[in-house]
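Report on the following structure.
The values are calculated or read from the model by the stated rules, or taken from the named source; none is laboratory data. Because the structure is predicted, anything quoted here is derived from the model rather than measured. Every residue, glycine among them, receives a Cβ derived from its backbone with ideal geometry; neighbour counts consider all protein chains shown. Just so you know, the surface numbers come from the protein's heavy atoms only, side chains and all, with ligands and any DNA or RNA stripped out. Shrake-Rupley method; radii C 1.70, N 1.55, O 1.52, S 1.80 Å.
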Amino acid sequence: MGRWEPNASGRLSEAAMELYVERGFEQTTVAEIAQRAGLTARTFFRYFTDKREVLFAGSALLEEHLVGALESVPAAASPMAAVAAALDAAAALLGQRRDFSRRRQSVIAANAELRERELIKMASLSAALATGLRGRGVADSDASLAAEAGIAVFRVAFERWVDEPTDRGLATVMRESLGQLRALTAAS
């Protein structure tokens, strides 16, 4: 039996990302990822169900942060103020790993199946935000609209952040994008 590796998940994630960028997602095998990480394929499957999960393993944690932030906003806050707090929580979670995020985004952009999976993840995040807003007493259609708008801001800001040559923080780009949405809707 192999020895327990406390950093095995991180090593596997880094090895997978290196290989996906070097060789492409489709051309990379689980065995190659494990070998690059200095681990076994069996160890890989302790952490990930398949090689796609390396790219999406943090989805549940992201959703947890978004919903947790939403719940911590004062009850008197508007739905969009609550969504803004959730976006700040997402930025705090994701904003620490810009290089990894850039590589991850490039791998996803190069593969139709992964782009579809990313859209499903975004739809799940939107549904979780809408449910959280409804739990705060927001009407169904308002909750859905605010959640969808929040996820649109999230997607646009995240893409801007990974593509920018400057080192501005994700939270800054997220707030600017939300401000941009407010300005666009106010002009209507």
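Of note:
- Options 32, 26: the member that is of a type outside the set (A, V, I, L, M, F, W, C), within 28 Å of residue 109 (Cβ to Cβ), touching a residue at least 12 places away in the same chain (Cβ under 8 Å) and not in a helix (DSSP H, G or I): 26
- For region 74-115, filtering for residues that are of a type in the set (Ser, Thr, Tyr) and touching a residue at least 12 places away in the same chain (Cβ under 8 Å) leaves 2.
- Residue in region 99-107 that is in contact with an Asp or Glu (Cβ under 9 Å, 6 or more places away or on another chain), open to solvent by less than 50 Å² (accessible area, probe 1.4 Å), in a helix (DSSP H, G or I) and not basic (Lys, Arg) present: yes
- Residue in region 63-72 that is over 15 Å from residue 114 (Cβ atoms), of a type in the set (Val, Ile, Thr) and crowded, with 16+ Cβ neighbours inside 10 Å present: yes
- Looking only at region 116-133, and only at residues there that are aliphatic (A, V, I, L, M) and in contact (Cβ under 8 Å) with a residue 40 or more places away in the chain, the one that is surrounded by the most Cβ atoms within 10 Å (Cβ to Cβ): 129
- Which listed residue, of 160, 168, is open to solvent by 50 Å² or more (accessible area, probe 1.4 Å), of a type outside the set (Ser, Thr, Tyr) and part of a loop (DSSP other than H, G, I, E, B): 168
- Some residue of region 49-61 being touching a Gly at 6+ places or on another chain (Cβ under 9 Å), open to solvent by 60 Å² or more (accessible area, probe 1.4 Å), over 18 Å from residue 159 (Cβ atoms) and assigned to a helix (DSSP H, G or I): no
- Region 86-98, subset among the aliphatic types (A, V, I, L, M) and open to solvent by 30 Å² or more (accessible area, probe 1.4 Å), residue farthest from the chain's Cα centre (by Cα): 92
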